[in-house]
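Let me begin by presenting the structure, written as structure tokens, before commenting on it.
The values are calculated or read from the model by the stated rules, or taken from the named source; none is laboratory data. Note that the structure is a prediction, hence the values are computed from the model and not measured. A quick note on method: Cβ atoms are made from the backbone with ideal geometry, for glycine too, and the neighbour counts reach across all protein chains shown. Keep in mind that these areas ignore ligands, DNA and RNA; they rest on the heavy atoms of the full protein, side chains included. Shrake-Rupley method; radii C 1.70, N 1.55, O 1.52, S 1.80 Å.
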Number of protein chains: 2
Amino acid sequence: MKIGELAQQSGLTPSRIRFYERIGLLKTVERRPNGYRTYPQQAVMILGLITTAQRAGFTLDEIRTLLPSDLTHWDHAALMDALTRKIADIEALQVRLTQSRAHLLRLIEDIQERPDDMDCAANAHRVLTNMLSDHPEALDVTSGDIRLLDTKDRRQSVSPDRRKKTASR
Amino acid sequence: MKIGELAQQSGLTPSRIRFYERIGLLKTVERRPNGYRTYPQQAVMILGLITTAQRAGFTLDEIRTLLPSDLTHWDHAALMDALTRKIADIEALQVRLTQSRAHLLRLIEDIQERPDDMDCAANAHRVLTNMLSDHPEALDVTSGDIRLLDTKDRRQSVSPDRRKKTASR
DNA sequence: CTTGACCTTGAAGTTAGCTTCAAGGTTAGG
DNA sequence: CCTAACCTTGAAGCTAACTTCAAGGTCAAG
């Protein structure tokens with residue numbers, strides 16, 4: 001099977017498949033005399049596996065370390081471990097989302113609850129003050145590193161702009 | 001207040017504050033004769049507001065369009081609309097996470113449920129087949145664009161690698 | 001009058017996961 | 001023989017939200 005056909009059958013683009021090969025997620029495949037890649041039927045399954053894992057929140061890096069070159073020889077322990085940790089990540093994210101949602105709902109209520117005798121400017125100030133004093137860290141779940149989330153750990157190492165919450169509290 | 005002090009009080013880095021100014025999220029501030037930026041006390045609140053909004057899942061772009069130059073003059077309708085939509089986004093993501101979690105749990109169970117008379121290779125194949133036939137689109141929530149999620153709409157326009165699910169199903 | 005902690009700027013780097021481009025070789029059909 | 005639809009490669013571009021770098025100005029203390 002040439003790359004175009006594999007693309008059709010897997011639902012991915014050829015560029016994506018070549019990309020996966022480049023980063024070592026797919027092992028280098030056989031070539032025809034003319035240089036064209038030739039894939040075995042199994043490749044469809046591997047690609048399906050990869051996209052499924054991605055949807056479950058695994059990064060390509062994680063998938064690469066878990067995927068054995070031989071699909072029948074998995075590292076059972078590592079796999080179970082990864083699955084378990086990913087579930088924990090998802091749960092942490094769920095907690096965070098629940099809090100965010102609640103926070104937004106409270107905010108909406110708070111905005112609508114303007115006392116009759118208060119003008120918009122004062123109300124804006126009231127709401128803002130409420131909001132900023134609201135989450136005394138509550139939302140700071142600083143969750144695990146699940147890639148469904150944009151949690152790129154923005155902490156710093158040792159660098160020019162080295163302060164960030166130096167003092168206070 | 002100079003930028004360093006604002007950084008301390010807000011918990012952000014100076015580079016980040018300057019960056020926010022560059023992209024038009026913060027309006028250009030006053031300068032001292034020597035070129036240093038000078039911030040009013042209010043700036044702390046604005047930055048707090050921005051980071052809070054970010055944690056709730058708003059992108060800087062969204063925040064920019066919602067933030068009025070005068071903190072006491074909000075576009076009430078647009079704000080409510082955005083908040084409501086963000087809540088919907090969060091809920092969509094929660095649905096997706098619940099499905100992912102369930103999927104992973106089922107997978108773990110499935111792996112452990114190996115029939116006594118089956119070897120690991122065959123079990124691997126069984127599990128894989130199960131998994132790939134499992135989600136007949138169920139996980140394809142293709143949720144809203146909440147930035148907590150890595151949902152960069154990978155659909156294509158008109159391009160070289162123009163096929164992606166041309167036929168099938 | 002030197003040191004070091006600030007401040008300034010514009011440009012380039014980072015991460016993840018791809019896509020797009022440029023410049024070409026191959027092949028099947030008419 | 002030509003054309004269109006494939007295939008190849010390496011390099012560069014994209015997005016978001018920053019950070020880092022280089023090269024330099026400012027200022028208070030000792």
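In table form, for the structure just shown:
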quantity	calculated
Average beta-carbon neighbours from other chains, 10 Å sphere, peptide A:50-59	4
Interface B:A - total buried accessible surface [probe 1.4 Å, Å², rounded to 100]	5600 Å²
Exceeding the 31 Å Cα-Cα cut-off - candidates A:Lys27/A:Lys86; A:Lys27/B:Lys86; A:Lys2/A:Lys86	A:Lys27/B:Lys86; A:Lys2/A:Lys86
Apportionment of accessible area to carbon and sulfur, the stretch B:3-58, percent (1.4 Å)	52 percent
By accessible area with a 1.4 Å probe, ligands and nucleic acids excluded, highest first: order of B:Asp110, A:Asp119, B:Asp70	A:Asp119, B:Asp70, B:Asp110
Debye log10 I(q)/I(0) at q = 0.15, 0.24, 0.28 Å⁻¹ for the stretch B:76-134, Cα point scatterers	-0.59, -0.92, -1.06
Spatial separation of Cα centroids for the stretch A:21-91 and the stretch B:49-75, in angstrom	40 Å
Square roots of 5 times each gyration tensor eigenvalue, C-alpha, the stretch B:3-58, largest first, Å	20, 12, 9
Solvent-accessible ranking of A:His103, A:His76, largest area first, probe 1.4 Å	A:His76, A:His103
Cut-off 16 Å, label 7 Å out along Cα→Cβ of A:Arg126, residues of the stretch B:63-92 by amide N	B:72-74
Peptide-level mean, for B:112-123, of C-beta atoms on other protein chains within 10 Å	1
Highest to lowest packing among B:42-49, A:58-65, scored as the average C-beta count within 10 Å	B:42-49, A:58-65
Stokes-Einstein diffusion coefficient of the stretch B:13-135, Kirkwood radius over Cα pairs, 25 °C, 0.890 mPa s, in µm²/s	129 µm²/s
Under the Karplus curve 6.51 cos²θ - 1.76 cosθ + 1.60, θ = phi - 60°, whole-Hz ³J(HN,Hα) for the stretch B:45-60, x wherever Gly or Pro sits	5, 4, 5, x, 4, 4, 5, 5, 4, 4, 5, 7, x, 7, 7, 4
Cut-off under 5 Å, modelled amide H: who pairs with B:Gly11 long-range	A:Lys165
Å² of accessible area per residue within the stretch B:1-108, as computed with a 1.4 Å probe and no ligands counted	49 Å²
Neighbouring partner chain Cβ atoms per residue of A:86-99, average, 10 Å criterion	4
3J(HN,Hα) from dihedral phi, the stretch A:29-35, Karplus parametrisation 6.51/-1.76/1.60, rounded to Hz, x for glycine, proline	9, 5, 10, 6, x, 7, x
Within the stretch A:23-54, trypsin sites (Lys or Arg not before Pro) in DSSP loop having at most 16 other beta-carbon neighbours inside 10 Å	A:Lys27
The stretch B:1-45: relative contact order in percent, alpha carbon pairs under 8 Å with at least 6 residues between	47 percent
